[in-house]
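Asks: Sharing a structure, written as structure tokens. Questions coming.
The values are calculated or read from the model by the stated rules, or taken from the named source; none is laboratory data. If you're wondering where the values come from, they're calculated on a predicted model, not measured in any experiment. Here the Cβ positions follow ideal geometry from the backbone for every residue, glycine too, while neighbour counts run over all protein chains shown.
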Amino acid sequence: MRRALLFPVIVVCGALLGMVQTTEPIDLRLLDWQFGVLRSWHPRPALQEVVVVGIDDATVKALPEPVTLWHRHLARFLQALVIARPAAVAVDIVLPDRSYDTVLPGYDAALLRGIVEARRTYPLVLALTVDPSGATRPIHRPFLVAAGEGATGYALINVADDGVVRHFDERLGEGGARVATLAGQVARRLGVAPGSGIIDFARGDKFSYVPLQQVLAWADARDDAALVRAFGGRPVLLGFVLPYEDRQRLPVPLAAWEEGESGSPGVLLHAQILRGLLADGGLISRVSPFVVAAMGAVAALLWFVTTGAVYFMLISAAFVGLLLAVSTLLLAYGLHLPVVAAAATGLVALGGRNGLEASLKLRERRRLRGVFSGYVSPAVMQQIIAGQLRAELGGERKFVCVLFSDIRGYTTRSEGMSPEAIVGYLNRYFEDVVGLIHGHGGTVTCFMGDGIMAVFGAPNALDNPCAAAFAAARDMLARVAQFNAQAAADAQPVEIGV
């Protein structure tokens, strides 16, 4: 009855576990591990490689002005890429919100010329951001007008509760309103409608970058061939690659020049998102919660598998390994299958059933030990508990030797003794002789007052049941003689018949 009730409970719990996504935090950590495995062993090719132009420490030293006053440098960068004709360019640097012409005349005009020339040659997207209140941080309006309509995107991301970025979704506005993101706008300018889903961190190799000062040096040297080789026909992202600014926690490190897991530059995250958006399969989709719930319910079928400890471990490992293998394979083809709920349900079902069976077997062993412990030897007791001695249906023919023994004159002796004395007397006697019978492989079948009957050759087989019975009888007589020798001088001697 207990088994029949527990199974449907586990089925329901497994289905609910998958439906309500209780195990999602563990599934996400497992997803991070799977991305690492795929990136190491089976990286998916980036069908449209993204080039990163990085602003590093050397760039900051080479360009001494504050970033806010990099108008001329950004203009030179945009004009240099006019020669290379990239597929699109995204600037992951928020431009100033005001004019500095009163301080540095001609700076605004230089950047405006660069933006206009770039816009005529390739799609250009400028980054937007928000202030602590959630309001859009403004950009100096002439820059926005020069860039044109659809040339801005928010450099905002979806950060999970654990601080790791895994998903891309443009529903970042108030009430889930959709806003244009930096990577999403680049995809739109290239004719791809951005969807929502898990960022494919297994796609492409780690990023390297071209330093901004290198691009400016190529432009100054009029090395058009170098510019075309580096950027021709490819999407380009310009952003910071500093170790202390705009860092994001990701499932896997994306920077080829860095080691450890201290996060990756934000511009690499936008580049990785763009890799996925421009790929044939797009972003990674999560399977329906109904599928996860069904897997949890099916995993409960392990309730019907009963086995020993060794096979329990092997089956558990094989079950979990199979789930991980299937989930990782599907992830390689753009589908995320959470398996923690199914794994937990299966292990609970398998472990619960085998734990219940072990408990019932232990209870049965205790019962058998209580029933037979006074009649059979410890060795035979172990065989009975282990199930090695089983009676066949219809009985079984065996050659045995039966030993019967009783105390001579017991009736007369007991008439002069109290009940307590009689019980103590018999207990001492039986304790001695039963041990001798067991020592020769005999099994006590019954006690009849002062009499005891034992069988040699059943249930455990003996090579020579008769010899064992005679040996036990001789030891019993010798033990009685020893008992009489140790008794008091006035005590009535004990005599037995065998």
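Asks: If I ask for residues that are assigned to a loop (DSSP other than H, G, I, E, B) and touching a strand residue (DSSP E or B) at 6+ places or on another chain (Cβ under 6 Å), which ones from the range 179-233 would you list? Reasoning before the result, please.
Replies: Here is the first cut: in the range 179-233, the ones assigned to a loop (DSSP other than H, G, I, E, B) are 179-180, 190-196, 199-202, 204-206, 208-209, 221-223, 232-233.
Residues satisfying the conditions are VAL179, ALA180, LEU190, ILE199, ASP200, ALA202, TYR209.
Asks: With the structure loaded, tell me whether GLY263 is surrounded by 20 or more Cβ atoms within 10 Å (Cβ to Cβ), modelled with pLDDT under 90 and of a type outside the set (Ser, Thr, Tyr) or whether it fails that test.
Replies: Details: surrounded by 20 or more Cβ atoms within 10 Å (Cβ to Cβ): yes; modelled with pLDDT under 90: yes; of a type outside the set (Ser, Thr, Tyr): yes.
Against the criterion (surrounded by 20 or more Cβ atoms within 10 Å (Cβ to Cβ), modelled with pLDDT under 90 and of a type outside the set (Ser, Thr, Tyr)), GLY263 qualifies.
Asks: Could you please give the count of residues in the range 89-112 that are over 18 Å from HIS270 (Cα atoms) and part of a loop (DSSP other than H, G, I, E, B)?
Replies: Applying the first criterion (over 18 Å from HIS270 (Cα atoms)) to the range 89-112 yields 96-112.
Filter once more, so that each one left must be part of a loop (DSSP other than H, G, I, E, B): 96-106.
The total comes to 11.
Asks: Looking at ALA90, is it among the hydrophobic types (A, V, I, L, M, F, W, C), modelled with pLDDT of 95 or more, touching a Leu at 6+ places or on another chain (Cβ under 8 Å) and on the phi < 0 side of the Ramachandran plot? Reasoning before the result, please.
Replies: Working: among the hydrophobic types (A, V, I, L, M, F, W, C): yes; modelled with pLDDT of 95 or more: yes; touching a Leu at 6+ places or on another chain (Cβ under 8 Å): yes; on the phi < 0 side of the Ramachandran plot: yes.
Yes: the conditions hold for ALA90.
Asks: Go through (1) under 16 Å from LYS398 (Cα atoms); (2) among the hydrophobic types (A, V, I, L, M, F, W, C); (3) not in a helix (DSSP H, G or I) one by one and return the number of the condition CYS466 breaks.
Replies: Unmet for CYS466, out of (1) under 16 Å from LYS398 (Cα atoms); (2) among the hydrophobic types (A, V, I, L, M, F, W, C); (3) not in a helix (DSSP H, G or I): (3).
Asks: Could I ask something else about it? Do we find that LEU30 is surrounded by 15 or more Cβ atoms within 10 Å (Cβ to Cβ), modelled with pLDDT under 90 and under 43 Å from the mean Cα position of the chain (by Cα) in this structure?
Replies: Values: surrounded by 15 or more Cβ atoms within 10 Å (Cβ to Cβ): yes; modelled with pLDDT under 90: no; under 43 Å from the mean Cα position of the chain (by Cα): yes.
So LEU30 does not fit the description; no.
Asks: Can you name the residue in the range 54-68 that is within 24 Å of PRO142 (Cβ to Cβ) and either in contact (Cβ under 8 Å) with a residue 40 or more places away in the chain or in contact with a helix residue (DSSP H, G or I) (Cβ under 7 Å, 6 or more places away or on another chain) (or both) and is also surrounded by the fewest Cβ atoms within 10 Å (Cβ to Cβ) among such residues?
Replies: Looking only at the range 54-68, we keep the residues that are within 24 Å of PRO142 (Cβ to Cβ), and these are 55, 63, 65-68.
Next, from what is left, pick out any that are either in contact (Cβ under 8 Å) with a residue 40 or more places away in the chain or in contact with a helix residue (DSSP H, G or I) (Cβ under 7 Å, 6 or more places away or on another chain) (or both): 55, 63.
Numbers: ILE55: 26, LEU63: 17.
Once the filter is applied, the top-ranked residue is LEU63.
Asks: For the range 3-26, state whether one or more residues are within 30 Å of TYR333 (Cβ to Cβ), loosely packed, with under 15 Cβ neighbours inside 10 Å and in contact with an Asp or Glu (Cβ under 8 Å, 6 or more places away or on another chain).
Replies: Yes, the range 3-26 has at least one match.
Asks: Same structure, new question: Starting from the range 71-93, take each residue that is not assigned by TED's automatic domain parsing to the domain that holds ILE157 and list its partners that are surrounded by 20 or more Cβ atoms within 10 Å (Cβ to Cβ), counting only C-beta distances under 8 angstrom and pairs at least six apart or across chains.
Replies: Cβ pairs passing all conditions: none.
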